[in-house]
Amino acid sequence: MADLGSPSPSVTSDHSTFERQVSLKNILESYQPSHSADDTILFLQIVFKYLPSDGQRNLIEDLSGCQDDNAVRQHAENLDTGLLRPMLSIGGTTPAITPSLHLLDDSIENLNSFDGQPVTQIDQQRLRRNCLARDGYQCVLTKCWDSGTTPYPAGRPVHSLQAVYILPSSLGRFGTEDEQDGMSEVWANIFRYFPSLRSRLNPMLGDVNREDNILTMASVFHEDFGKFRFILEATTVPNRYRLKKFPNHSFLLKYPTETFITLTNHDGRFSDPNPEFLAVHAAIGNILNASGRAGIIEKLLRDFEDADPLLANDGSTDISGLLSRPIEDPSKLKYKNRKMSNWD
């Protein structure tokens with residue numbers, strides 16, 4: 001009998017998985033590193049491993065179209081700057097993005113004419129109220145109750161709960177023209193390597209501000225989830241997820257002792273957290289941590305925050321050199337708890 005608690009496979013056919021692995025190997029075996037710290041091959045292998053099957057096929061197609069090693073390197077850089085960094089972006093700041101080699105769809109290019117209204121505080125408060133009701137006024141991880149909701153059961157632990165985005169809220173912000181250009185590339189990458197999201201999201205509307213893209217969590221877990229220090233991996237049981245913590249998670253937090261987390265809907269008027277959004281969050285978290293990019297990009301973001309005011313804060317400053325260091329064994333990386341401002 002299959003283990004109902006085991007993570008579900010990202011691909012349904014072992015044979016087709018093997019064929020894709022062989023295709024990737026054939027593409028990369030002729031690649032010549034540009035220097036001793038060039039980690040392009042390992043990075044692409046890690047990205048491939050955690051993408052869904054249709055995303056793997058698209059990655060192979062894109063790499064097959066690369067004419068030389070420099071084009072392969074540029075594509076790897078685009079995955080880094082045009083997918084991983086934005087998913088870690090905070091405060092509306094999106095790092096500079098290396099252009100992708102694949103063409104953008106018309107629907108993505110239309111972001112350049114985006115004229116929607118930003119999400120208001122009233123909208124955010126409404127989303128929080130709805131998600132609190134859906135999640136039973138409890139943290140989905142610890143089941144502690146919201147301290148701002150009364151009455152709550154006597155003797156039960158309470159905490160300030162927040163509406164935490166699964167896909168970062170910064171993906172729905174298109175303030176300046178540069179941000180619109182940057183986000184069009186980000187959305188192109190998201191839809192290219194997670195194709196199932198195309199039918200779920202409309203970037204023209206900043207469509208991440210929605211109930212099924214939010215989890216109710218104790219505020220202390222907000223930063224760790226947003227920085228992919230832990231993920232929720234799907235199992236074969238609907239709404240049941242494996243809590244996977246990475247070495248850089250905050251050790252002072254009281255994480256639940258249970259390995260598996262069940263998401264329960266207490267109010268059917270509101271949508272469940274979307275499993276596909278959680279799958280994207282889990283894939284990005286696995287890629288960031290397996291490749292060692294998580295710590296590197298956190299340093300990148302701190303440098304943005306601490307930079308001289310004359311440096312561009314819209315992500316246009318060229319700081320790609322920070323990501324040129326070789327990949328390290330994630331188990332050997334040294335992490336520190338760091339404070340960051342509250343973000344959506």
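The values are calculated or read from the model by the stated rules, or taken from the named source; none is laboratory data. Just so you know, these numbers come straight off a predicted model, no measurement behind them. Positions of Cβ are generated from backbone atoms using ideal geometry, with glycine treated the same way; all protein chains shown enter the neighbour counts.
Worth a mention:
- Restricting the first member to the stretch 121-150 and to residues that are within 13 Å of residue 263 (Cα to Cα), and the second to residues that are among the acidic types (Asp, Glu) and part of a strand (DSSP E or B), the beta-carbon pairs closer than 7 Å and six or more apart or on different chains are 132/146; 137/146.
- Leading residue by the ranking (nearest to residue 290 (Cα to Cα)) among those in the stretch 246-258 that are more than 19 Å from the chain's Cα centre (by Cα) and among the hydroxyl-bearing types (Ser, Thr, Tyr): 255
- The condition of being out of contact with any Cys (no Cβ under 6 Å at 6 or more places or on another chain) and either closer than 23 Å to residue 132 by Cβ or part of a strand (DSSP E or B) (or both) does not hold for residue 251.
- Scanning the stretch 137-170 for residues that are among the aliphatic types (A, V, I, L, M) and farther than 30 Å from residue 190 by Cβ yields a count of 2.
- Of all residues in the stretch 203-259 being of a type in the set (Val, Ile, Thr) and out of contact with any His (no Cβ under 9 Å at 6 or more places or on another chain), the one that is surrounded by the most Cβ atoms within 10 Å (Cβ to Cβ): 214
- With respect to (1) hydrophobic (A, V, I, L, M, F, W, C); (2) modelled with pLDDT under 80; (3) buried (at least 19 other Cβ atoms within 10 Å of the Cβ), the lone exception for residue 343 is condition (3).
- Residue among 101, 88, 167 that alone is hydrophobic (A, V, I, L, M, F, W, C), on the phi < 0 side of the Ramachandran plot, in contact with a His (Cβ under 9 Å, 6 or more places away or on another chain) and at pLDDT below 85: 101
- Within the stretch 119-136, the residues that satisfy the criterion of being within 15 Å of residue 266 (Cα to Cα) and surrounded by fewer than 20 Cβ atoms within 10 Å (Cβ to Cβ) are 128, 129, 130, 133, 136.
- Some residue of the stretch 266-275 being hydroxyl-bearing (Ser, Thr, Tyr), exposed (fewer than 15 other Cβ atoms within 10 Å of the Cβ) and touching a residue at least 24 places away in the same chain (Cβ under 8 Å): no
- Of the residues making up the stretch 54-81, those that are within 18 Å of residue 191 (Cβ to Cβ) and small (Gly, Ala, Ser) number 2.
- Screening residue 242 against (1) charged (D, E, K, R); (2) in contact with a helix residue (DSSP H, G or I) (Cβ under 6 Å, 6 or more places away or on another chain); (3) within 20 Å of residue 49 (Cβ to Cβ) leaves a single unmet condition, (2).
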